[in-house]
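Report on one structure; see the data block that follows.
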Amino acid sequence: WQTVKIPRVNIVATGKSVVEVVFDSGLHNLSWFEFVTPVVTPPVIPPTGNVINITPSDNFKQKVESAPVGSTIKASAGTFNIAQTFIPAGVSFEGSGIDQTILKAIPAAEFPNGGGTFGADKYLLIAKSNSIVSGNHNFKNFTIDGNNRRLHGGILIENRTGSTIENVKTQLINFCAV
């Protein structure tokens, strides 16, 4: 056994889980860990801003990326064929339910036939900042469909605190769901 301290990483899990560690050198380590940490439910931060309703016929990327801080994007039931979308800090996304609101990548956001190597730029939903900021994201009640492993990653959260993921299903994603 070797203990490695990884800065700025909190893992809350129980049971057996797969954890991917990405080193500064770009090397990846996919390992099984057994956690004994009890699952702690973080407080849900209620939205303080707008509720923005969105349907599959709307421009998903434009509505989400232009949402003001404190907004919650509420997606109707249906399949949303979307481009890679950057989630602003302080914006939450809520679907109508697992297998009711389905997010799929448009062909330009897919990487067919394995599409090369893993990269953080190959996720469908990206909540990322250059330095640590309060993300206050709530992602819940939807499915991300990787279209038979043509999508490399589902949700990337980097340098954002206060993010929760609840009732989100990912399927057929090539490298990393979250």
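Listed values, structure above:
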read-out: Cβ-Cβ FRET estimate between Ile106 and Ser134, R0 fixed at 25 Å, reported to 0.05; value: 0.25
read-out: Extension gain from Asn53 to Ser96, taking 0.36 nm per residue of separation minus the Cα-Cα distance; value: 14.4 nm
read-out: Residue order for Lys61, Lys122 - accessible surface, 1.4 angstrom probe, largest first; value: Lys61, Lys122
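The values are calculated or read from the model by the stated rules, or taken from the named source; none is laboratory data. Keep in mind that this is a model prediction, so the values were computed, not measured. Ideal geometry is used to build each Cβ from the backbone, glycine not excepted, and the neighbour counts take in all protein chains shown. These area figures cover heavy atoms from the full protein model, side chains too; ligands, DNA and RNA do not enter into them. Shrake-Rupley method; radii C 1.70, N 1.55, O 1.52, S 1.80 Å.
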